[in-house]
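**Q** I am attaching a structure below and will ask some questions about it afterwards.
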Amino acid sequence: HYLACEAHPWTTEDLHRLHQDGPFARWLPALCAQWPLPIRGWHRIHLLGGRVCLTLMWGDAEAQLAQLSAPFNAWFLDGFA
């Protein structure tokens with residue numbers, strides 16, 4: 001289960017452009033078929049027969065993460081100045 005918080009989510013066009021030739025290209029059609037519109041809030045995608053669950057939180061990270069009640073195993077910060 002992977003959680004991601006994004007204030008400015010990618011579009012399906014962005015996903016295709018960035019990953020069409022990469023190691024995840026074979027999963028791109030399934031991901032894009034479920035990719036949510038850029039509407040603030042939580043969105044869930046299930047891939048690979050439910051073995052992979054993506055929770056995508058569109059909006060301000062502080063507001064979105066404040067709603068979590070589960071512990072984290074890891075935290076990856078990808079900030080841009």
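**Q** Determine whether segment 38-53 contains at least one residue that is out of contact with any Phe, Trp or Tyr (no Cβ under 6 Å at 6 or more places or on another chain), of a type in the set (A, V, I, L, M) and part of a helix (DSSP H, G or I).
**A** yes
**Q** Which one is farthest from the chain's Cα centre (by Cα), of the residues in segment 54-68 that are part of a loop (DSSP other than H, G, I, E, B) and farther than 17 Å from Tyr2 by Cβ?
**A** The qualifying residue farthest from the chain's Cα centre (by Cα) is Ala66.
**Q** Sort out which residues of segment 41-60 are open to solvent by 30 Å² or more (accessible area, probe 1.4 Å) and among the small types (Gly, Ala, Ser), and write them in order of number.
**A** Gly49, Gly50
**Q** Here is a follow-up. How many residues are open to solvent by less than 80 Å² (accessible area, probe 1.4 Å) and farther than 18 Å from Tyr2 by Cα when one looks only at segment 20-40?
**A** Selection size over segment 20-40: 2.
The values are calculated or read from the model by the stated rules, or taken from the named source; none is laboratory data. All of these numbers come straight from a predicted model, not from anything done at the bench. Glycine also receives a Cβ, built like all others from the backbone with ideal geometry; neighbour counts cover every protein chain displayed. Accessible surface is based on the protein model in full, side chains and every heavy atom, while ligands, DNA and RNA are left aside. Shrake-Rupley method; radii C 1.70, N 1.55, O 1.52, S 1.80 Å.
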